[in-house]
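Structure first, commentary second.
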Amino acid sequence: MKVEFYKHNVDAVDIENVNRVLKGIFLTTGEWVDRFEKNLAEYVGAKCGVGVTSCTEALRMALMAYGIGKGDEVITTALSFIATANATEEVGAKPVFVDIEENTGNIDAELIEKAITKKTKAIMPVHLYGQLCDMKKIRAIAQKYKLVVVEDAAHALESKRDGYRTGELGDMTCYSFYATKNITCGEGGALTLNDPKKAEWLKRARLHGMGKGAADRYKLKKFQHQTMEFLGLKANMSNIQAALLIHQLDKVEERLKKREQICQRYEKALRDVKEIEQLEILPGVKSARHLFVIKAPLQKRDEIVLALQQKNVGAVVNYLPIHLMKYYREKYGYKKGDFPKAEDFGARVISLPCYPKLTRKEQDYVVEMVEEVFGK
Ligand SMILES: *Cc1c(COP(=O)(O)O)cnc(C)c1O
């Protein structure tokens with residue numbers, strides 16, 4: 001048996017939707033993107049949605065929208081995918097890391113205030129593995145110091161906590177539709193927000209800062225010159241991407257239920273393996289269950305991942321601490337010991353296969369191999 005780390009859920013309806021786009025005239029940004037943006041915003045309870053080519057670009061554009069750049073600082077977690085910090089680097093600002101909660105892996109909101117300086121402009125929390133950060137606390141800090149909150153919700157489309165949902169307490173919220181995310185079009189991303197003016201700005205920023213996109217000019221049925229008002233990016237979502245996503249979004253809750261069942265089975269089955277430490281889902285949290293992660297004893301993780309892979313179990317590591325990446329160590333002098341909890345966590349985590357297509361047989365095989373490799 002071979003259990004893949006991830007399998008996507010593209011179905012016949014998705015393929016038919018893409019076919020319809022391919023048979024039409026507009027492959028690039030157009031009505032399918034409009035519809036997807038509307039549905040996405042409605043699903044998360046936001047006023048506006050903006051489709052882009054990746055979550056990384058979404059994060060970068062969010063910072064640009066607030067004029068954050070050279071000389072500014074953005075507070076974020078030391079433990080995430082590098083994209084979170086890279087977006088800050090890309091606009092010329094400095095990512096300032098904060099340590100994590102060891103039971104969830106999320107940024108420790110209690111430590112944020114200490115990291116604030118005169119240069120701080122924004123807080124960028126990441127809802128790791130699908131569990132929302134303490135957004136009430138983060139919102140309160142942002143209010144007190146007049147900071148912007150940009151949520152990295154690459155894992156957390158479906159999440160809730162204490163009655164609020166992803167995007168509800170942030171100023172802008174960024175999603176990923178990368179190949180292994182909960183819904184995917186291979187590569188893609190989006191922002192949601194409640195400020196229609198900023199949404200209009202983002203729609204220009206994703207397309208060179210141009211006055212009108214191709215579909216808008218086409219609709220006018222009258223010749224009009226291209227205009228450019230400011231320097232934007234080239235990050236507009238295409239109709240092909242939107243067509244792949246639109247029906248997946250309809251099924252997002254149904255698919256979450258399947259991942260929830262898998263996670264609960266893993267949690268129960270692995271409870272008795274002495275060397276495994278499980279993460280916590282806090283009371284009041286509805287996790288999007290993006291990744292199922294366990295902690296191995298320090299020093300043993302890499303050999304365990306290797307052993308699992310040799311047994312054809314697609315196990316991976318999400319994530320190593322960002323501040324210890326060569327680039328960040330050399331540029332800012334970050335070093336081992338700066339964020340001890342993120343370092344311990346990053347040295348121990350293992351992600352196991354967890355997606356709706358994972359069969360019961362495959363789940364049983366994963367559990368069996370994990371037990372064997374850890375020694376029950
Ligand atoms: C996947 C991911 C991103 C980047 O998403 P892309 O769409 O690939 O740019 C950002 N943050 C986190 C936490 C992620 O897991």
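The values are calculated or read from the model by the stated rules, or taken from the named source; none is laboratory data. Worth saying up front: this structure is predicted, and the values here are computed from it rather than measured. Heads up: the accessible areas ignore ligands, DNA and RNA and are worked out on the full protein's heavy atoms, side chains in. Shrake-Rupley method; radii C 1.70, N 1.55, O 1.52, S 1.80 Å.
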J(HN,Hα) series, segment 219-230, from Karplus relation 6.51 cos²θ - 1.76 cosθ + 1.60, nearest Hz, glycine and proline x | 4, 5, 6, 8, 4, 8, 6, 5, 10, 9, 9, 7
Keeping all protein chains in place, calculate the accessible area per residue for segment 1-75 (probe 1.4 angstrom), answer in Å².
-> 47
Can you work out D for the chain in µm² s⁻¹ from Stokes-Einstein, where Rh is the Kirkwood radius over C-alpha pairs, the temperature is 20 °C and the viscosity is 1.002 mPa s?
-> 100
Counting pairs of alpha carbon atoms under 8 Å apart in space and at least six apart in sequence, what relative contact order in percent does segment 67-115 give?
-> 39
Structure shown: which of Lys70/Lys197; Lys311/Lys335; Lys47/Lys121; Lys2/Lys203; Lys198/Lys326 lie over 32 Å apart, alpha-carbon to alpha-carbon?
-> Lys311/Lys335; Lys2/Lys203; Lys198/Lys326
Over segment 310-376, with every protein chain in place, what whole percent of the accessible area is carbon and sulfur at 1.4 Å, could you tell me?
-> 51
In percent, what relative contact order does the chain have, based on Cα pairs under 8 Å that are 6 or more apart in sequence?
-> 23
Gap separating the Cα centres of segment 62-115 and segment 322-351, nearest whole Å = 14
What is the helix-to-structure angle for 31-44, meaning the angle in degrees between its Cα long axis and the longest Cα principal axis of the chain, kept from 0 to 90 and rounded to the nearest 10?
-> 50
Relative contact order of segment 209-334, defined on C-alpha pairs under 8 angstrom at six or more residues apart (%) = 13
In segment 1-145 the accessible area split gives carbon plus sulfur, as whole percent at 1.4 Å, a share of 54
Where Rh is the Kirkwood radius over Cα pairs, Rg/Rh for segment 37-77 = 1.06
Could you state, as a whole-number percent, how many of the C-alpha pairs of segment 264-376 are farther apart than 17 Å?
-> 59
Can you check how the C-alpha radius of gyration of segment 156-285 compares to 2.2 N^0.38 Å, as a plain ratio?
-> 1.45
If ligands, DNA and RNA are left out, what is the accessible area of Asp272 with a 1.4 Å probe, given in Å² to the nearest 10?
-> 110
Which aspartates and glutamates, on any chain, are close to Lys146 with Cα under 20 Å apart, when same-chain ones fewer than 8 places away are left out?
-> Asp72, Glu73, Asp108, Glu110, Glu113, Asp134, Glu168, Asp171, Asp195
Averaged per residue, the 1.4 Å probe accessible area of segment 152-267, protein heavy atoms only, in Å², is roughly 45
Taking Cα centroids, how far is segment 144-196 from segment 210-287 in Å?
-> 8
With all protein chains present, how much of the accessible area of segment 168-241 (probe radius 1.4 Å) comes from carbon and sulfur, to the nearest whole percent?
-> 55
Provide, as a two-decimal number, the C-alpha radius of gyration of segment 192-264 over 2.2 N^0.38 Å, N being how many residues it has.
-> 1.58
Per residue of segment 293-308, in order, report the coupling 6.51 cos²θ - 1.76 cosθ + 1.60 (Karplus, θ = phi - 60°) as ³J(HN,Hα) in whole Hz, putting x for Gly and Pro.
-> 10, 10, 10, 8, x, 3, 6, 9, 4, 4, 5, 5, 4, 4, 4, 5
Sum -39500 (n - 2.57) across every DSSP H segment of at least 4 residues in the chain, then divide by the residue count to get the 222 nm mean residue ellipticity, nearest 500.
-> -12000 deg cm²/dmol
